[in-house]
Amino acid sequence: MLHTRSPATAPASVHDGLATPARYYAMAVVILGITMSVLDGTIVNLALPRIAHDLHTSAAQSVWIINAYQVATLALLLPCATLGDLVGYRRVYLSGLSLFTLASLGCAFANSLPALVAARAVQGLGAAGIMSVNPALVRLIYPKHLLGRGVAINSVVVAAAAVAGPSAAAAILSVASWPWLFAVNLPLGLSVIWLGFHALPGNIAARPVGARLSWLDVLLNALMFSMVFLGADAFGTRVNASTASSNGAAGVALLAGGIAFGVLYLRRQLRQAIPIFPVDLLRIPVFALSMCTSVAAFAAQLLAYIALPFLLLDAYGRTPIQAGLLITAWPLAIVVVAPLAGHLIGRYPDGLLGGIGLGILAAGLALLAALPVRPEDFDIVWRLVLCGIGFGLFQSPNNHTIVTTAPMDRSGGASGMLATARLTGQTLGAVMMAIVFSFANPHDGHGPIIALALAAGLSAIAGTFSSLRLRH
């Protein structure tokens, strides 16, 4: 039986996570919410051609269905995280989940591209509320001696959801039309909201002294991240022979504008007692190194995830089903290894575990780049498993360091930075992939091999950042 209780919890001095079975109920809310928000970042990719046809729009315009979600999420992650420190992670999480669920209804009934893009943007705002405080809630749910296990579970869910979008979309589209990609969120979202209202704990630390949410800083944060994202997207991801000049100019203008707003924004943040962009946490060497580790590692992962389908389908002649099954070896290895990494947290330094994992990832990516001209399936699978083992060994310890390095009353800021690092790394990887494909043929194997080699280099850099944490 699920016991209800007030959001107020025991004082910080005596609180050490939730007891069972309350911990299981609360973690179920966290898992289901983050799965929905991460999954919806990629679930529409497979359906874009059908959506473009049904809404009478071009393929290029339909990409805004994806961009609107990503930009809105990235722009509001840090403000939502700060809001969690101020008013409670539980409140921000449930508000974000409610907005996400309501926007999913709007997506399902959208009958034009502008309506769908607007609903996706609102859905992204809700996802920001979910993602921004997700790790902070895990820190409240688990006692200190089991926190590594909770972080590992969360890492597995994020990793699996990040690559499960196309598979989930294929399953839904095999029996229903594209609006059902969004409609399935309604019953699940309502159930999770109800469970979360009863199961999630409230903040245990007092509101940070001097903390406030400046709407000017929220606006500057949104402008900085959205303009940099859109500038990088215009500059790198859709450059072709006919539009290279115009896209390049627009990309440079957006990037310049984003950097200008960013300079103004960060100068204001340096004067804040509790900044939205947590420059106070970045002054902690271990936290800063962990952020650099995360950005580089996720950029490497994104490069590989884009390069592998081109390599398997075009260069090696695998069918889409065969390619999908082969690539699944990577996330499956993460699912197996991440819990093991969670058990190792606390027994060995996080920097050491992350450094070893990223070294293994770099080796796996380099071996993928060095595949023979006609590889057997086994040759591909064991290399992908090696990549999954390395990524799984890195992710949980690195996330654990980011979440626990911050003081308890700044868990929201750390939580927001964790999600921001992941999305920033993925954006950087996508831009680097576009640059590689602009000068190397993606269909004859040369482009993907260069991308995999670049990903191996980024993994090695990430491993260096991780190992440097041992000095602190």
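Could you give the distance between the Cα centres of the stretch 163-204 and the stretch 107-145, to the whole Å? Distance between centres, Cα-based: 11 Å.
Under the shape rule built on the C-alpha gyration tensor, where the axes satisfy a ≥ b ≥ c, the stretch 362-449 is oblate, since a/c reaches at least 1.5 while a/b does not exceed b/c. Averaging the sequence gap over all C-alpha pairs within less than 8 Å and six or more residues apart, then dividing by the number of residues, gives the chain a relative contact order of 22 percent.
Most tightly packed first, judged by the mean number of other beta-carbon atoms within 10 Å of their residues, the peptides 150-160, 315-325, 22-32, 411-421 read 411-421, 150-160, 22-32, 315-325. Counting charges near MET291 (Lys, Arg +1; Asp, Glu -1) among other residues having Cβ under 15 Å from its Cβ returns a value of +2.
Shape of the stretch 12-203 from the C-alpha gyration tensor: prolate (a/c of 1.5 or more and a/b above b/c, with a ≥ b ≥ c the square roots of its eigenvalues).
In this simple spin-label model, placing a label point 7 Å from the Cα along the Cα-to-Cβ direction at both LEU216 and VAL373 gives a separation of 6.5 nm.
Centroid-to-centroid, using Cα positions, the stretch 258-272 and the stretch 14-48 are 32 Å apart. With a Förster radius of 41 Å applied to the beta-carbon distance between THR20 and LEU282, the computed FRET efficiency rounds to 0.70.
Distance from the C-alpha centroid of the stretch 283-307 to that of the stretch 443-472: 10 Å, rounded to the whole angstrom. Could you tell me whether the stretch 278-472 comes out rounded, prolate or oblate from its Cα gyration tensor? Rule is a ≥ b ≥ c as square roots of the eigenvalues, rounded for a/c under 1.5, then prolate if a/b exceeds b/c, otherwise oblate. Cα axes put the stretch 278-472 in the prolate bin. Helices of the chain meeting both criteria, an alpha-carbon length of 24 angstrom or more along the long axis and an average Kyte-Doolittle score not below -0.5, with helices taken as full DSSP H segments, are 22-39, 64-87, 89-109, 113-141, 147-173, 215-232, 244-269, 285-310, 350-369, 377-405, 411-439, 446-468.
Were the residues from ARG471 through TRP180 laid out at 0.36 nm apart, the gain over their Cα-Cα distance would be 99.7 nm.
Coordinate-derived values only; no laboratory data. Not measured: the values here are computed from a predicted model. Note that we place each Cβ from the backbone using ideal geometry, even for glycine, and neighbour counts take in every protein chain shown.
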